[in-house]
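J.: Structure incoming, see below.
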Amino acid sequence: MIRIRQLNKSYQVGGRPLHVLSDLHLDVEEGEFVAIMGSSGSGKSTLLNVLGILDAYDSGTYHLGETLVKDLNEADAARYRNRYVGFVFQSFHLLPFKSATENVALPLYYAGVGRRQRTERANELLERVGLADRGHHLPSQLSGGQKQRVAIARALVTRPRVVLADEPTGALDSTTSDEIMELLLDVNHSDGATILIVTHEGEVARRTDRTVLLHDGRIVS
Ligand code: ADP
Ligand code: MG
């Protein structure tokens, strides 16, 4: 599903290159659930952003399914992202003045789906994550765990083959974190979605199929 070869990425900082990902080699099979660990600044978010086509890379290759993701223009990047990838963030990234249903439906708007169908599908997803009765709530009217459920529903609404989650339980207490992990495991098992999750928590990583460890932008195991 994901095939990375000799991938390098650096940022320009103060006119100098800062090498952030170095010669990465990574294969993730369809349906795998993989944890990405490593200390702060090791390049985990950068890697996830490259995988999610939110950010470009300098050299090497990245195949997502059959598609070589390289040097895409904005429009193609957005199209591939919308079609293949669902993203979940530590801080949820929900739109504050939109209801839960509207937040979940948003990717379908960009995919050109009509309003009635968007709302129907969004409500199905809210039901799936156990929030059938919270569709009219604004994010500020939801708990942290509920916000993350809404964000997961939004990530799933386009039926992506890959779900990328950057410390999705990092802002949650341990019980809520367990519930979010249960939900992601169910998405992995029932939908067969490929999932990559960045985490600091051994408890979270232990429940995935395997862990990729990053150190200074290199995969060390
Ligand atoms: P992690 O998620 O593992 O904590 P990041 O991928 O966020 O690490 O960052 C890796 C390195 O890249 C860090 O040294 C960080 O300072 C640097 N970095 C991240 N984003 C940028 C950016 N937009 N511009 C310059 N440097 C960045
Ligand atoms: Mg990070």
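J.: How much length is gained if the chain between LEU68 and ASP216 is pulled fully straight, taking 0.36 nm per residue apart and subtracting their Cα-Cα distance, in nm to one decimal?
T.: Result: 50.7 nm gained on full extension.
J.: What lysines sit close enough to LYS147 to cross-link, taking a C-alpha to C-alpha distance under 30 Å and skipping anything fewer than 8 places away on the same chain?
T.: The reachable lysines, counting only those whose Cα sits under 30 Å from LYS147, are LYS44, LYS98.
J.: Compute a Gaussian network model of the chain, connecting alpha carbons closer than 10 Å, and tell me which residue from LEU72, LEU164, LEU156 fluctuates the most.
T.: In the Gaussian network model the winner is LEU72.
J.: Taking a cut-off of 19 Å between Cα atoms, list the lysines near LYS70, but don't count ones fewer than 8 places away on the same chain.
T.: Partners within reach: LYS9.
J.: Could I have the simple spin-label model distance between ASP23 and SER190, label points 7 Å from Cα toward Cβ, reported in nm to one decimal?
T.: Using points 7 Å along Cα→Cβ, the separation is 4.4 nm.
J.: What does the charge dipole of the range 12-89 about its Cα centre add up to, to the nearest 20 debye, if the Cβ of each Lys and Arg holds +1 and the Cβ of each Asp and Glu holds -1?
T.: 340 debye
J.: Still on this structure: What value, in deg cm²/dmol to 500, does the helix sum -39500 (n - 2.57) over DSSP H runs of n ≥ 4 give at 222 nm once divided by the residues of the chain?
T.: So the helix-based figure for the chain works out to -11000 deg cm²/dmol.
J.: Next question. Of SER140, LEU156, ALA105, whose Cα points farthest to the positive end of the dipole of the range 50-177 (charges on the beta-carbon: +1 Lys, Arg; -1 Asp, Glu; origin at the Cα centre)?
T.: The residue sitting most towards the positive pole is ALA105.
J.: Treating the beta-carbon of each Lys and Arg as +1 and of each Asp and Glu as -1, no other charges, what is the dipole magnitude of the range 153-215 about its Cα centre, to the nearest 20 debye?
T.: 360 debye
J.: Roughly how big is the range 90-188's charge dipole about its Cα centre, with Cβ charges of +1 (Lys, Arg) and -1 (Asp, Glu), in debye to the nearest 20? Intermediate values should be presented prior to the final figure.
T.: On the way: 12 positive and 12 negative charges, 127 e Å.
About 620 debye.
J.: Whole angstrom only: what separates the Cα centroid of the range 75-113 from the Cα centroid of the range 4-27?
T.: 27 Å
Since every read-out is calculated from the coordinates, none of them should be taken as a lab result. Since we're looking at a predicted model, the values are computed, not measured. A quick note on method: Cβ atoms are made from the backbone with ideal geometry, for glycine too, and the neighbour counts reach across all protein chains shown.
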